[in-house]
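Student: Dropping a structure here in structure tokens format, bear with me for questions.
The values are calculated or read from the model by the stated rules, or taken from the named source; none is laboratory data. Fair warning: this is a prediction, and the values are worked out from it, not measured in the lab. Here the Cβ positions follow ideal geometry from the backbone for every residue, glycine too, while neighbour counts run over all protein chains shown. Surface areas here come from the heavy atoms of the whole protein model, side chains and all, with no ligands, DNA or RNA. Shrake-Rupley method; radii C 1.70, N 1.55, O 1.52, S 1.80 Å.
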Amino acid sequence: MRESATVLEPSPLTPELEKRGVVVFLELLINALVAGLLLGGFFAALSIGLSICFGLLDTVNIAHPTLIVAAAFCTFILNSTFGIDPILAGIIITPIFFGLGWLIYSAYYQFFEKTSAEALRGLAFFFGLLFITEVVLIMVFGVDHRLVEARYIGESISAVIGGLEFSVPYRLLTAFVVASAMTLGLHLYFERTFFGRAARAVHQDMMALSLMGVDPVYIKRMAFAIGLSTCGLAGALMIIIIPVEPAVGRLFIGNVFAIVVLGGLGSISGTLVAAFILGIAVSIVSTFFGPSWAPAVSFGILLGVLAFKPTGLFGVGDTR
Amino acid sequence: MRYKFEIGCILVLLAAYLFTYLEVNRFLYVAGFPILQFVMIATAWNILGGYGGYINFGTAGFLGVGSYTAVALIQWLGAGIVEQVIIAGVVAGFLGLSIGYFTLRLKGVYFAIATLALAIVLETFVNNWDFVGGAAGISFLPPRKPELLGYVFIDSKGGALFGNTKEYLFFIMAVLAVFSVWIARSIEKGKLGRGLNSIKDNEEAAECMGVPTLRLKLFATTISGSLMGMAGAVFPSFLTFIDPLTAFNLEFAVNSLAMPMIGGTFTWIGPVVGAVLLGTVQQWAIVTFSSELNLLILGVLLIFFVTVAPHGIVGWFMKKNK
């Protein structure tokens, strides 16, 4: 259960099924595509915060997936002790992660950006944060897998269209809807509001922004906190989709960075498109080659993009 | 004196051999081996991370590749430890070269991210590779009488250099650790080290001055990865068991990063100080309290040194002397 793609539960290829040949293949393919699309929505929720922190602000928060796991455990506590619906729990803990983001960026600014220390020392800082979060989670919760309970978990809708059978689990559907709403909301916020434009301007030219009378540090701190606040809902979605244990965040590091880099740094809509591409790729590989190969997909995409088109699909920034 | 450092190396090796010859408490070899391994890993990491300023999060990946190359060689050819170390070094070095080739032309963060994902992907491959035990791991017995060119190294009755396998492997690890420190120091004192330092300070300026930045970075990545692979190659024989969780443990990545940063990254002695200090404390802490608490302390120390004391212990002492 350690692989991210156990989510998909591909139908096993028994000999009896293989006799049905093409029909089964088509069914598998279409089911994999649908599942991949839904999975892509979930991936978008995981990586949208990182897209803001890394793509727009240049703070390489490699602890992001692990903080999402921490949020998943918060959801677990709220769900198991008070019986709160996981999505609602995700919304409740969002302000906590906003505050946490505010604190983390303040520390990061104080120690690294203000003194213009090497950017790579900041990476070591976030790596330490990743490690500490994981160890604390292990100390508090142990290494067991945790689950949440809600009505939409464990059931699925099935339909037969044109002689082909489809089945979509409700939990994937829920995650897809919530993730899409969150991503679209953030996308609009960053496209349409003054703050969003200012945050994108920080990415392009900090000096110009301060000449316009806007405090770039305030904008960056705010944007980082917004990026980190997405961890709340992303964590809730994660524990809805898969059983969560403290080290599971590491499996997603490759996924989220592959998505952000493929989408192009500084482009939130690009992140969305890239999340769907990766979701479908992971789903197809898990269906036809087995879920244990899924982590190799994101890594292959990451290396491929870095080697041939480092600006990503919709990127504007420079990568050198 | 001109060869002060080289004489020091030989003295350390003699001391290590005497240590095995004296047949003290067995536990000391078991505790000493990881410390020497950490010295080697931290030194290897520092060649790229400390001198060149490029952070490698994939230590566990390189180490695991070394370990599993050794396992494959044992399974396939029944190769001895010396062959394992050499071939593991070549394989891990090639891995470093190819990762570097893909990512080192870009900003440093991309290299860091790629190496971070690398360990997980390699773990996936090993999990799917049944020949070396797959996810369940594999256990084996080290050869009772390892020999090289007709000379037998171990004889429990005496008459050979070593009394048992643990002592033999302890000494091999000591040789490898000293070897890597010697390589790191040679790089630091030579043209290569100055080139890498200029990359760390300002890569654009370095390139404009004619420093072949890409070639230097690739070289440093290859050497660093190769040494890590060698450190990993001895691991399965020492444990007589290896599984992907042990070989690709994230703790290696944290240690290899924390030790040079705590000791001081700008000189060869820094990682050695950090590794001996942290390694000893960890060996003691694992015995006395839980290993989770031990890891938590490690993480907190890493953040403390990165934020407040970026020049590490060695830097702190050097400032005092001035």
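Student: Among A:Phe76, A:Ser292, A:Ser51, whose Cα projects farthest towards the positive end of the dipole of chain A, with charges put on the beta-carbon of Lys, Arg (+1) and Asp, Glu (-1)?
Tutor: Of A:Phe76, A:Ser292, A:Ser51, it is A:Ser51.
Student: May I ask you to give the percent of accessible area on the protein assembly as shown that is carbon plus sulfur, with a probe radius of 1.4 Å?
Tutor: 68 percent
Student: Leaving out ligands, DNA and RNA, calculate the buried accessible area for the pair B and A with a 1.4 Å probe, summed over both sides, in Å² to the nearest 100.
Tutor: Values: alone 16230 and 15050 Å², together 27050 Å².
So the total buried area for this chain pair works out to about 4200 Å².
Student: In whole Hz, what ³J(HN,Hα) sequence does segment B:240-245 give by Karplus (6.51, -1.76, 1.60; θ = phi - 60°), x for Gly and Pro?
Tutor: 6, 7, 8, 9, x, 5
Student: Averaged across the residues of A:292-299, what count of C-beta atoms belonging to other chains lies within 10 Å of each residue's C-beta?
Tutor: That average works out to 5.
Student: On a C-alpha basis, how far is the centre of segment A:47-103 from the centre of segment A:131-194 in Å? Whole number, if you could?
Tutor: Cα centroid to Cα centroid, the span is 13 Å.
Student: Something else now. What does the extension gain come out to for B:Phe5 and B:Asp130, with contour length at 0.36 nm per residue minus their alpha carbon separation? If you can, show how the numbers build up before the last one.
Tutor: Details: separation 125, 0.36 × 125 = 45.00 nm, distance 4.53 nm.
Using 0.36 nm per residue and subtracting the Cα-Cα distance, I get 40.5 nm.
Student: What residues have an amide H closer than 5 Å to that of A:Ser156, excluding those fewer than 5 places away on the same chain, when H is modeled at 1.01 Å from N in the peptide plane?
Tutor: The list, which skips near neighbours in sequence, is A:Tyr170.
Student: Still on this model: For a quick check: with amide H placed at 1.01 Å from N, whose amide H comes under 5 Å from A:Gly266's, ignoring anything fewer than 5 positions away on the same chain?
Tutor: Answer set, sorted by chain and number: A:Gly55, A:Leu56.
Student: Report, in deg cm²/dmol and to the nearest 500, the calculated mean residue ellipticity at 222 nm for chain B, where each DSSP H run with n ≥ 4 adds -39500 (n - 2.57) and the sum is divided by the residue count.
Tutor: -24500 deg cm²/dmol
Student: Moving to a separate point now. Between A:Phe289 and A:Ser80, how high is the FRET efficiency from 1/(1 + (r/R0)^6) when r is the Cβ-Cβ distance and R₀ = 41 Å? Nearest 0.05.
Tutor: With R0 = 41 Å, the Cβ-Cβ based efficiency is 0.70.
Student: Here's a follow-up. Tell me the volume per residue, in Å³, of the convex hull enclosing the alpha carbons of segment A:42-169.
Tutor: Enclosed volume per residue, from the Cα hull, is 147 Å³.
Student: Note down the nm distance, to one decimal, between modelled labels 7 Å out along Cα→Cβ at A:Leu26 and at B:Leu14.
Tutor: Rounded to a tenth, the inter-label distance reads 8.2 nm.
Student: Further question: What number comes out for the charge environment of B:Phe5, summing +1 per Lys or Arg and -1 per Asp or Glu over other residues with Cβ under 13 Å away?
Tutor: +2
Student: Report the far tail of the P(r) of the protein assembly as shown, meaning the percent of Cα-Cα pairs longer than 43 Å.
Tutor: 25 percent
Student: Short version: ³J(HN,Hα) in whole Hz for each residue of segment B:120-131, in order, from phi by Karplus 6.51 cos²θ - 1.76 cosθ + 1.60 (θ = phi - 60°), x for Gly and Pro, what are they?
Tutor: Going residue by residue, I get 5, 5, 5, 4, 4, 4, 5, 4, 8, 10, 5, 4 Hz, with x marking Gly and Pro.
Student: Moving on to the next point. Largest first, what is the accessible-area ranking of A:Cys231, A:Cys74 with a 1.4 Å probe?
Tutor: Descending accessible area places them as A:Cys74, A:Cys231.
Student: A further question follows. To the nearest 20 debye, what charge dipole does segment B:4-250 have about its Cα centre, counting +1 at the Cβ of each Lys and Arg and -1 at the Cβ of each Asp and Glu?
Tutor: 400 debye
Student: Based on the Cβ-Cβ distance of B:Leu277 and A:Ile161, what FRET efficiency does E = 1/(1 + (r/R0)^6) give at R0 = 51 Å, to the nearest 0.05?
Tutor: Once rounded, the FRET efficiency stands at 0.20.
Student: Still on this model: Lys and Arg at +1, Asp and Glu at -1: add these up for the other residues within a Cβ distance under 15 Å of B:Ala60 and post the number.
Tutor: -3
Student: If you find the alpha carbon centre of segment B:12-69 and of segment A:242-308, how far apart are they in angstrom?
Tutor: 34 Å
Student: What net charge is computed for the residues neighbouring A:Ala107, neighbours being all others with C-beta under 12 Å from the C-beta of A:Ala107, Lys and Arg scored +1, Asp and Glu -1?
Tutor: +1
Student: Okay, helix-only estimate at 222 nm for chain A: each DSSP H run of n ≥ 4 adds -39500 (n - 2.57), divide by all residues, round to 500 deg cm²/dmol; what do you get?
Tutor: Computed mean residue ellipticity for chain A: -23000 deg cm²/dmol.
Student: What residues qualify as long-range amide H neighbours of B:Gly264, i.e. H under 5 Å apart, gap of 5 or more or another chain, H built at 1.01 Å from N?
Tutor: Excluding prolines and chain starts, which carry no amide H, the hits are B:Ile313, B:Val314.
Student: Another question about this same structure. Take every Cα-Cα pair in segment B:4-250 and report what % of them are more than 34 Å apart.
Tutor: Tail of the P(r) past 34 Å holds 20 percent of the pairs.
Student: Would you please name the chymotrypsin sites (Phe, Trp or Tyr not before Pro) within segment B:246-302 that are DSSP coil residues with at most 13 other C-beta atoms within 10 Å of their C-beta? Numbers along the way, then the final one.
Tutor: On the way: sites: B:Phe248, B:Phe252, B:Phe266, B:Trp268, B:Trp284, B:Phe289; in loops: B:Phe248, B:Phe266, B:Trp268, B:Phe289.
Hits after loop and neighbour filter: B:Phe289.
Student: So, one more: Leaving out ligands and nucleic acids, note down the accessible area per residue over the protein assembly as shown with a 1.4 angstrom probe, in whole Å².
Tutor: For the protein assembly as shown, the per-residue accessible area is 42 Å².
Student: Sticking with the crude label model, points 7 Å out along Cα→Cβ, report the distance from B:Glu204 to B:Trp76 in nm, one decimal please.
Tutor: 4.6 nm
Student: Follow-up. Along segment A:127-134, what does the Karplus equation 6.51 cos²θ - 1.76 cosθ + 1.60 (θ = phi - 60°) give for ³J(HN,Hα), rounded to whole Hz, x for Gly and Pro?
Tutor: Listing the rounded values in order: 5, x, 4, 4, 5, 4, 4, 5 Hz.
Student: Which whole number gives the average, over all residues in B:115-123, of C-beta atoms from other chains lying within 10 Å of the residue C-beta? Working shown, then result.
Tutor: Values: counts 0, 8, 12, 4, 3, 10, 10, 3, 4.
Per residue, the number of nearby Cβ atoms from other chains is 6 on average.
Student: Give the average, rounded to an integer, of partner chain Cβ atoms located within 10 angstrom of each Cβ in B:101-112.
Tutor: Whole-number average of other-chain Cβ neighbours for B:101-112 is 6.
Student: To continue, here is another question. Any of B:Lys4/B:Lys166; A:Lys114/B:Lys200; A:Lys309/B:Lys107; B:Lys4/B:Lys200 with alpha carbons more than 22 Å apart? Name them for me. Show your work: numbers first, answer last.
Tutor: Values: B:Lys4/B:Lys166 30 Å; A:Lys114/B:Lys200 19 Å; A:Lys309/B:Lys107 14 Å; B:Lys4/B:Lys200 29 Å.
Beyond 22 Å between Cα atoms: B:Lys4/B:Lys166; B:Lys4/B:Lys200.
Student: Identify, among B:Val65, B:Asn164, B:Gly93, the residue whose Cα sits farthest towards the positive end of the charge dipole of segment B:4-250, taking +1 on the Cβ of Lys and Arg and -1 on the Cβ of Asp and Glu, with the dipole about the Cα centre.
Tutor: It is B:Gly93, whose Cα lies furthest towards the positive end.
Student: Let me ask you something else. Calculate how large, on average over all directions, the projected area of the Cα convex hull of chain A is; give the answer in nm² to one decimal. Intermediate results must be reported in sequence, preceding the final value.
Tutor: Numbers: hull surface 69.5 nm².
In nm², the orientation-averaged hull projection of chain A is 17.4.
Student: List the trypsin sites (Lys or Arg not before Pro) within segment B:1-73 that fall in a DSSP loop (any state other than H, G, I, E or B) and whose Cβ has at most 16 other Cβ atoms within 10 Å. Each step should come with its number before you reach the end.
Tutor: Numbers: sites: B:Arg2, B:Lys4, B:Arg26; in loops: B:Arg2.
In loop regions of segment B:1-73 (DSSP not H, G, I, E or B), the sparsely surrounded trypsin sites (Lys or Arg not before Pro) are B:Arg2.
Student: Here's a follow-up. By how many nm would the segment from A:Gln110 to A:Thr311 grow when fully extended, if each residue of separation counts as 0.36 nm and the alpha-carbon distance is taken off?
Tutor: Length difference between fully extended and current span is 69.4 nm.
Student: At B:Thr240 and B:Asn164, where each label point lies 7 Å from the Cα along Cα→Cβ, what is the point-to-point distance in nanometres?
Tutor: So the two model labels end up 0.9 nm from each other.
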